[in-house]
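Here the structure comes first, spelled out in structure tokens, and everything after it is commentary.
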Amino acid sequence: MAVTGRPTLRDLFDESPTPHIAHPPWTHRRHFYVATDGSYRPNAGGLGVVIETRDGERVTRLSLPDVAPDNNVSEYRALHLGLDVLAHRAPPGARVGILVDHDDLAANVNNAVLASDHPDWKPPKPISVPTGSEHHWRGIRARIAGFGEVRAARIDGRENPAHPLANSPSEYKHVNEQPDRCVLPDPLGFESEQDVSYLPPSRFEGQAGD
């Protein structure tokens with residue numbers, strides 16, 4: 001069940017910008033949401049991952065110590081980890097919402113998604129990957145290609161539930177001991193884009209009394 005007292009990843013995604021993509025309502029129809037964060041400190045960094053279904057059901061959390069050469073690499077490494085973990089839990093064709101608090105990373109993900117729909121695989125804007133992150137970017141792109149559809153939203157670091165997991169891996173190491181689960185959205189509907197027209201929760205709730 002969803003955790004009481006904090007917004008679900010779906011809520012955060014629906015209220016956040018997705019760089020380079022002006023999404024119509026149906027794009028809020030994600031099956032899974034993954035929030036990631038990387039923390040850089042010279043000797044005590046970390047990686048944080050939170051994955052939920054669209055219903056707010058937690059799939060998993062990870063909080064791992066990590067030493068990266070800089071903050072950019074840690075952010076790319078965290079997303080690479082999160083997508084690897086989700087790929088082992090999500091069925092083929094899953095639609096995924098990504099939440100990161102790194103502007104350029106979110107933009108690069110959406111650029112890569114748009115490039116995959118271009119006949120020449122040309123992104124709308126040049127993709128620049130930070131030095132040292134190239135390997136993780138290749139892994140991220142490979143995972144993106146394996147999902148049915150992907151969008152990345154940029155959220156405030158203060159609202160990112162993966163932030164404390166990345167910044168205090170020694171405090172949150174217990175989350176890594178939770179048993180593996182394969183939680184699916186309920187009900188699991190893989191409708192086509194033409195068959196659905198869903199408003200994000202904020203807009204739907206505002207029309208409830210109409």
In region 131-145, the residues that are more than 14 Å from the chain's Cα centre (by Cα) and either among the hydrophobic types (A, V, I, L, M, F, W, C) or modelled with pLDDT under 95 (or both): 137, 142, 145
Are any residues in region 60-97 touching a Ser or Thr at 6+ places or on another chain (Cβ under 8 Å), surrounded by fewer than 23 Cβ atoms within 10 Å (Cβ to Cβ) and under 21 Å from residue 145 (Cβ atoms), and if so, which ones? 81, 85, 89
Tell me, which residue of region 18-31 that is more than 11 Å from residue 99 (Cβ to Cβ) and modelled with pLDDT of 90 or more is surrounded by the fewest Cβ atoms within 10 Å (Cβ to Cβ)? 19
Do you know which residues across region 132-141 are open to solvent by 20 Å² or more (accessible area, probe 1.4 Å) and either on the phi > 0 side of the Ramachandran plot or part of a loop (DSSP other than H, G, I, E, B) (or both)? 132
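Only one of 189, 209 is open to solvent by less than 30 Å² (accessible area, probe 1.4 Å), in a loop (DSSP other than H, G, I, E, B) and modelled with pLDDT under 75. Can you tell me which?
Working: 209 fails: open to solvent by less than 30 Å² (accessible area, probe 1.4 Å).
Going through 189, 209 in turn, just one is open to solvent by less than 30 Å² (accessible area, probe 1.4 Å), in a loop (DSSP other than H, G, I, E, B) and modelled with pLDDT under 75: 189.
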Conditions first: (1) within 23 Å of residue 132 (Cα to Cα); (2) in contact with an Asp or Glu (Cβ under 8 Å, 6 or more places away or on another chain). Residue 60 passes all but one, so which condition is the exception? (1)
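The values are calculated or read from the model by the stated rules, or taken from the named source; none is laboratory data. In this text the structure is predicted, and so the values were computed from the model without any measurement. All Cβ positions, glycine included, derive from the backbone under ideal geometry; neighbour counts span all protein chains shown. For the accessible areas, the whole protein counts, side chains as well, though only heavy atoms, and no ligand, DNA or RNA atoms are used. Shrake-Rupley method; radii C 1.70, N 1.55, O 1.52, S 1.80 Å.
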